[in-house]
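Data block below; observations after.
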Amino acid sequence: MLEFVMLGTAASAPSVQRGLPSQMVLYQDERFLVDCGEGTQRQILRSGLGFRHLTRVLLTHGHLDHILGLGGLISTFARWEAVPQLEIYAGKRALERVEDLLFRVVLRGAPLPVPVDLYEVQAGVLLESDTFEVRAFEVAHRGPDCFGYLFREKPRRPFLPDKAAALGVPQGPVRRELVNGRSITLADGRVIHPDDVLGAERPGVAIAFTGDVARVDTLVDEVRGADVLVCEATYLERDAELARRFGHLTAARGAWLAREAGARLLVFNHLSQRYRVRELLDEAHTFFPEVVVARDFDRFTVTRDKITLTHSELHRDDPDVKGKIDKGVLFAV
């Protein structure tokens with residue numbers, strides 16, 4: 001299972017309803033912040049997520065609406081001693097700008113209040129464990145070193161407790177050995193192999209974040225098979241020339257990418273105040289049926305069987321959300 005929360009969904013400038021770009025991905029006890037627009041630390045508090053385990057920030061690029069929140073976030077961490085250290089991942093140009101922001105503007109020679117490690121992103125596997133990985137992929141925006149990120153559970157074979165019990169495999173650490181692919185020897189001398197108690201391999205779930213992006217034809221293979229595609233929709237097709245000029249997408253192009261990549265759900269973010277939600281949905285539905293125009297604090301839970309959306313209590317008075325605060329199934333197999 002993977003979860004993510006939309007902390008800020010506005011394009012370029014905040015509005016009364018939308019903060020600047022930021023999303024949090026949750027996997028087991030790990031948390032990853034994707035972009036950190038101005039005011040992100042307050043959005044984290046309002047969301048109820050808190051700062052515990054938030055030790056990694058992944059930046060899609062170095063534009064100010066995606067990084068200005070880092071100064072406040074680090075200051076908050078220091079005051080509350082929320083995390084022991086922070087890792088920031090970004091392309092070379094973005095890291096240079098982050099260094100300028102933190103060391104020349106925010107700190108101005110003072111020591112870092114919390115240890116911060118900067119890591120330059122290259123396309124490919126960025127972080128990996130036995131069960132999970134984060135991949136970075138290049139995107140075309142304005143300038144070099146712009147990236148999207150794919151969060152993916154690795155395929156796994158489910159443990160079959162009935163088979164294990166029938167073979168006399170006791171409860172406890174020996175079962176973990178089998179799950180991890182290692183054979184065990186029982187007290188009576190019988191050797192039990194993983195194939196004896198594991199089912200057929202099941203793919204994990206995946207979520208892709210494009211960040212700001214000017215073209216999608218190069219991204220189909222990068223995000224293919226993602227269960228959820230989180231993609232910007234800064235413009236509509238009637239303003240396609242503006243989209244090209246500023247290196248952004250229309251809702252139609254994002255929906256085309258979701259269709260070609262085989263996504264189960266498309267979530268739009270980086271939204272302009274110039275369009276109504278219904279306009280974005282109508283344009284996207286020409287290419288792809290399962291679309292959500294995200295609101296700040298929307299929480300998505302992604303499993304193999306279904307994708308659910310929980311609206312925040314903060315949107316209780318929103319006419320489009322009223323009566324829908326509880327979890328709603330968006331997509332079910």
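Just so it is clear, none of the values below were taken in a lab; they were calculated from the coordinates. Note that this is a predicted model, so its numbers are computed, not measured. Cβ coordinates were reconstructed from backbone atoms using ideal geometry, including for glycine residues, and neighbour counts include every protein chain displayed.
Values computed for the structure shown
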item	result
Candidate values [x] 36, 26, 19; [y] 33, 24, 20; [z] 41, 22, 19, label of the one derived for semi-axes √(5λ) of the Cα gyration tensor in Å	[x]
Using θ = phi - 60° and Karplus 6.51 cos²θ - 1.76 cosθ + 1.60, couplings along region 67-78 (whole Hz; Gly, Pro as x)	10, 5, x, 5, x, x, 5, 5, 4, 5, 4, 5
Mean separation of Cα contacts under 8 Å, 6 or more apart, over the residue count of the chain: relative contact order %	15 percent
Cβ-defined net charge surrounding ALA13, 12 Å radius [Lys, Arg +1; Asp, Glu -1]	0
Long-range amide H partners of LEU126 with built H, under 5 Å	VAL134, ARG135, ALA136
Residue-by-residue Karplus 3J(HN,Hα) for region 209-220, coefficients 6.51, -1.76, 1.60, Hz, glycine and proline x	10, 7, x, 6, 8, 9, 9, 10, 5, 8, 9, 4
The chain: Lys pairs at Cα distance under 25 angstrom, eight or more positions apart or on different chains	5
Amide hydrogen neighbours beyond the local backbone of LEU271, cut-off 5 Å, H modeled	ALA10, ALA11
Gaussian network model of the chain, springs between alpha carbon atoms under 10 Å - residue of ILE74, ILE184, ILE207 with greatest fluctuation	ILE184
Residues ALA123 and ARG52, FRET efficiency given R0 of 22 Å [Cβ-Cβ distance, rounded to 0.05]	0.10
Extension gain, THR286 back to ALA187 (0.36 nm per residue minus Cα-Cα distance, nm)	29.4 nm
For the chain, share of DSSP beta bridges that run antiparallel, in % to the nearest 5	65 percent
Shape call, region 231-319: gyration tensor on alpha carbons, a/c limit 1.5	oblate
Crossing angle, helix 251-261 versus the chain [Cα axis fit, 0-90 degrees, rounded to tens]	20 degrees
Sum of -39500 (n - 2.57) over DSSP H runs of 4+, divided by residues of the chain (222 nm, nearest 500)	-6000 deg cm²/dmol
Loop-located GluC sites (Glu not before Pro) in region 192-275, at most 14 other Cβ atoms within 10 Å (DSSP)	GLU201
